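Only one structure is covered here, and it is reproduced in the block below.
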Amino acid sequence: DTAVSQTPKYLVTQMGNDKSIKCEQNLGHDTMYWYKQDSKKFLKIMFSYNNKELIINETVPNRFSPKSPDKAHLNLHINSLELGDSAVYFCASSIRGGKLFFGSGTQLSVL
Amino acid sequence: RKEVEQDPGPFNVPEGATVAFNCTYSNSASQSFFWYRQDCRKEPKLLMSVYSSGNEDGRFTAQLNRASQYISLLIRDSKLSDSATYLCVVAPGRDDKIIFGKGTRLHILP
């Protein structure tokens, strides 16, 4: 049983398209995150939700919209994709303030 | 000063050697500290938490120095399988923002 699962693993799409990445955790954690890892390998937080409530929203274009239907799910929708959005996106979960457990990542390539 | 800073490396170390790297953090109110390991094209995985008194897990020892605001990781008797990027992680007390360092690349040479 995968603790934090995200789909799809690979996403190749054209500029201007809209796409979604889904994330689910079965650890019973109350906090979920989206991180972006760019080509320089820097892992940067984008969003964090605690019990479905947005608690961290870093300086991310509003083309990125997270949605948390329940505390076990945190999806990421991206509108009007740009070349610079190409990166690996990691979902993670934790008990608030505790250790993070990551999904296996979604490699997004915008052509 | 950056929130979390690490030497990016790479550290090229012969198998069997001992290697250590540090990580400095800027927020003195930080509460929790961790070392994560990330293999190429994989997700980061927790290596160990870092406790105030220092802690050891097999060949790995982590230390915290609150006065100087740094944490360290020591790897003894390094193995080829230790080759990875080691990420320093700092969790502040109140704003829930868990900060990752940019990582230190370690190559263990046969």
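The values are calculated or read from the model by the stated rules, or taken from the named source; none is laboratory data. Just so it is clear, the structure is predicted and the values come from calculations on it, not from any experiment. Every residue, glycine among them, receives a Cβ derived from its backbone with ideal geometry; neighbour counts consider all protein chains shown. Heads up: the accessible areas ignore ligands, DNA and RNA and are worked out on the full protein's heavy atoms, side chains in. Shrake-Rupley method; radii C 1.70, N 1.55, O 1.52, S 1.80 Å.
Table for the structure above
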item	result
Per-region count, segment B:2-53, residues within 14 Å of another protein chain (Cβ to nearest Cβ), in contact with a Leu (Cβ under 9 Å, 6 or more places away or on another chain) and either under 17 Å from residue B:81 (Cα atoms) or among the basic types (Lys, Arg) (or both)	9
Matching residues in segment A:1-12 - criterion: being open to solvent by 30 Å² or more (accessible area, probe 1.4 Å) and part of a strand (DSSP E or B)	A:5, A:7, A:10, A:12
Considering residues of segment A:58-91 that are within 14 Å of chain B (Cβ to nearest Cβ) and of a type outside the set (D, E, K, R) only, the residue surrounded by the most Cβ atoms within 10 Å (Cβ to Cβ)	A:91
Residues within segment A:30-44 that are open to solvent by less than 20 Å² (accessible area, probe 1.4 Å) and of a type outside the set (A, V, I, L, M), tallied	5
Residue check for residue A:55: β-branched (Val, Ile, Thr) and open to solvent by 50 Å² or more (accessible area, probe 1.4 Å)	yes
Whichever residue in segment A:30-47 is facing another protein chain (nearest Cβ under 10 Å) and in contact with a strand residue (DSSP E or B) (Cβ under 6 Å, 6 or more places away or on another chain) and, among such residues, is farthest from residue B:5 (Cα to Cα)	A:31
Segment B:18-33: number of residues that are open to solvent by less than 30 Å² (accessible area, probe 1.4 Å) and of a type outside the set (Phe, Trp, Tyr)	3
Residues located in segment B:34-47, provided they are assigned to a strand (DSSP E or B) and open to solvent by less than 10 Å² (accessible area, probe 1.4 Å)	B:35, B:36
Residues that are away from chain A (no Cβ under 14 Å), open to solvent by 30 Å² or more (accessible area, probe 1.4 Å) and among the small types (Gly, Ala, Ser), drawn from segment B:59-110	B:67, B:68, B:81, B:83
Residue check, residue B:79 touching a residue at least 24 places away in the same chain (Cβ under 8 Å) and more than 30 Å from residue A:54 (Cβ to Cβ)	yes
Odd one out for residue A:107 among (1) within 30 Å of residue B:33 (Cβ to Cβ); (2) at pLDDT below 95; (3) open to solvent by 40 Å² or more (accessible area, probe 1.4 Å)	(2)
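One line per residue, one yes/no per condition, for (1) open to solvent by less than 40 Å² (accessible area, probe 1.4 Å); (2) within 11 Å of another protein chain (Cβ to nearest Cβ); (3) at pLDDT below 90:
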| position | (1), (2), (3) |
| --- | --- |
| A:14 | no, no, no |
| A:19 | no, no, no |
| A:23 | yes, no, no |
| A:28 | no, no, no |
| A:49 | yes, yes, yes |
| A:93 | yes, no, no |
| A:98 | yes, yes, yes |
| A:111 | no, no, no |
